[in-house]
Amino acid sequence: DVKVTQSSRYLVKRTGEKVFLECVQDMDHENMFWYRQDPGLGLRLIYFSYDVKMKEKGDIPEGYSVSREKKERFSLILESASTNQTSMYLCASSFLPGDNFAPKDTQYFGPGTRLTVL
Amino acid sequence: QKEVEQNSGPLSVPEGAIASLNCTYSDRGSQSFFWYRQYSGKSPELIMFIYSNGDKEDGRFTAQLNKASQYVSLLIRDSQPSDSATYLCAVNLWRDDKIIFGKGTRLHILP
């Protein structure tokens, strides 16, 4: 069973704080993703990573950075939190080479972090 | 801009009836198609994937794919109140490990 965990379910921060959201997957997946989800806007891709120490910008990278120092861990960083970054943040992982059960781009999600910035 | 379109709903279906959810996509090169279910306040969970034209059945769920029409659907038979959720359609991008999600259809099963 694929398991993706996120460091917090709920988080409250103040404007200007540096915020770290952590994601860990235990399935040896190659790819990891960070999304935010807002009502009416659906899932929007912030950053993704195809390998350790590699990162690619998604559709809305402004105000965010990421770090992937180990294969199983992908961190999202809000350098200086702002109120418009209040959202649900979702981490996902995909692709285990040699796994023929599902398409390689099948994504599995963590439980999400509901971040509120005051 | 590659897109996945879904009717936002809400779609109201009586308990025990068939719920039909539809999705269209713009990337003709897409090969993999997914349906996720998302309960309010929770994260999306994978229900089914399909990559061949035709139907794929899994319990009460049937995914239907028509690549010529760029159309994917999900049928839920014998709908239960526990099926009330938002259903997200997702499609892979040609030569990419990413998938694009639709904004979802809210389904409400009426007891």
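Looking at B:29, B:54, B:59, B:16, which is the one that is in contact with a Phe, Trp or Tyr (Cβ under 7 Å, 6 or more places away or on another chain), more than 26 Å from residue A:39 (Cα to Cα), more than 9 Å from every other protein chain (Cβ to nearest Cβ) and loosely packed, with under 13 Cβ neighbours inside 10 Å?
From the options B:29, B:54, B:59, B:16, the qualifying one is B:29.
For residues that are under 13 Å from the mean Cα position of the chain (by Cα), over 16 Å from residue B:92 (Cβ atoms) and not in a strand (DSSP E or B), tally how many sit in the range A:94-118.
Adding up the residues that qualify gives 3.
Taking the range B:86-111, which residues are at positive phi and under 13 Å from the mean Cα position of the chain (by Cα)?
Of everything in the range B:86-111, just one residue is at positive phi and under 13 Å from the mean Cα position of the chain (by Cα), namely B:104.
Can residue A:68 be described as more than 14 Å from every other protein chain (Cβ to nearest Cβ), of a type in the set (D, E, K, R) and surrounded by 13 or more Cβ atoms within 10 Å (Cβ to Cβ)?
yes
With the condition kept exactly as written, say whether any residue in the range A:18-34 is away from chain B (no Cβ under 12 Å), among the basic types (Lys, Arg) and over 21 Å from residue A:116 (Cβ atoms).
No; the residues of the range A:18-34 include none that is away from chain B (no Cβ under 12 Å), among the basic types (Lys, Arg) and over 21 Å from residue A:116 (Cβ atoms).
May I ask you to list the residues in the range A:72-118 that are of a type in the set (Asp, Glu) and more than 12 Å from chain B (Cβ to nearest Cβ)?
A:72, A:79, A:99, listed by residue number.
All of the numbers you see were taken from the coordinates with simple rules; none came from a lab. Note that the coordinates shown come from a computational prediction; the quantities given were computed from them, not determined experimentally. Cβ: placed from backbone, ideal geometry, glycine included. Neighbour counts: every protein chain shown.
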